[in-house]
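The values are calculated or read from the model by the stated rules, or taken from the named source; none is laboratory data. All values reported here derive from a predicted model rather than from experimental measurement. We place every Cβ from the backbone using ideal geometry, glycine too, and count neighbours over all the protein chains shown.
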Amino acid sequence: MTGDYKDLADFKEQCGYTIDGAWYPRVTKIVTIKAKPALYYYYGQAKSFRAAQEATERSAQEGTLIHETVEAILLGRNPEVPPAIRPAVAAFADFYEHNRIQVSPEFVERRIVNQNHRYAGTVDAIARIGGKRGVLDIKTSQAIYRDYCLQTSAYMDALKDQFEDLETRWILKIDQIQTCPRCGSRRRVKGGNESIKVAWQNGGRNCVHEWTDPRGDIELQEFPFWQNDFEAFLGAKRLWEWENEGWLKQASYLS
């Protein structure tokens, strides 16, 4: 059988949720079946596979820390913010207040199930922004990738019958960067890994960069038309089921 799992219990723990006595595969695990060329390129450029893996794990830890701190703010708490992520969190807090985003605590980190298509997931938040209610998904990546639309479309289909006024979905990117005042190039350090986007038009290629202190970098994109993405998600789900058929039969998910 495929996958690096010790046994059935480990597979079920890593790949899904048990809800009301029934086990369902998790949305975020399903979408990993899709190839990620940018990630493969990153691994190919690294000094070694181990070095890339260690940097990826450190980056994920930093992202989780930002995510958990932002979640606490959405829940109305006043969390202690570690200095390493303070610029990102401060930028989010300003954005949150300026845009008057409305979120009820019971709709933060909300566990959901799609009974028709048999999967489960956890929504970061169901929010109201600009008078519209929708799914809000928070990412700590350096860009908003199209792949995220697979995940959020799965949430939309699972929730469409529970909320009559559910209209749309948003991806909110929370990051932090440094800029070079000489040329406008941007520097991002996450997980100990440095990435620089050179401002070629301003002579950034030959610039001896001087970097500012880190500042928060916030971007919100709305994706209201989700049905086509959901068809793609179902295709990914079927491929994931095929890939893990042996485990899923053991779990009595497939006959």
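If you check every pair at least six apart or on different chains, which have Cβ atoms under 8 Å apart with a residue in segment 214-228 that is part of a loop (DSSP other than H, G, I, E, B) first and a residue that is surrounded by 14 or more Cβ atoms within 10 Å (Cβ to Cβ) and of a type in the set (Phe, Trp, Tyr) second?
Close Cβ pairs satisfying both conditions: Phe223/Trp170.
Quick one: how many residues across segment 123-140 are surrounded by fewer than 18 Cβ atoms within 10 Å (Cβ to Cβ) and touching a residue at least 40 places away in the same chain (Cβ under 8 Å)?
0
Looking only at segment 90-122, which residues are surrounded by 14 or more Cβ atoms within 10 Å (Cβ to Cβ), charged (D, E, K, R) and out of contact with any Phe, Trp or Tyr (no Cβ under 7 Å at 6 or more places or on another chain)?
Selection gives Glu109, Arg110.
Assess whether Asn206 counts as being under 24 Å from Leu65 (Cβ atoms) and polar (S, T, N, Q).
no
Here's the yes/no breakdown for (1) closer than 23 Å to Glu222 by Cα; (2) at pLDDT 90 or above; (3) touching a Lys or Arg at 6+ places or on another chain (Cβ under 8 Å); (4) of a type in the set (A, V, I, L, M, F, W, C):
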site: Val27; (1), (2), (3), (4): yes, yes, no, yes
site: His117; (1), (2), (3), (4): no, yes, yes, no
site: Gly121; (1), (2), (3), (4): yes, yes, yes, no
site: Ala127; (1), (2), (3), (4): yes, yes, yes, yes
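Condition test on Ala251, is it under 20 Å from the mean Cα position of the chain (by Cα), surrounded by 14 or more Cβ atoms within 10 Å (Cβ to Cβ) and touching a residue at least 24 places away in the same chain (Cβ under 8 Å)?
Judged against the criteria, Ala251 is not a match.
Condition first: surrounded by 12 or more Cβ atoms within 10 Å (Cβ to Cβ), assigned to a loop (DSSP other than H, G, I, E, B) and among the charged types (D, E, K, R). Can you find one or more residues in segment 171-193 that meet it?
Among the residues of segment 171-193, at least one is surrounded by 12 or more Cβ atoms within 10 Å (Cβ to Cβ), assigned to a loop (DSSP other than H, G, I, E, B) and among the charged types (D, E, K, R), which makes the answer yes.
Among the residues of segment 101-132, which ones are in contact with a strand residue (DSSP E or B) (Cβ under 8 Å, 6 or more places away or on another chain), on the phi > 0 side of the Ramachandran plot and not in a strand (DSSP E or B)?
Within segment 101-132, Arg118 is the sole residue that qualifies.
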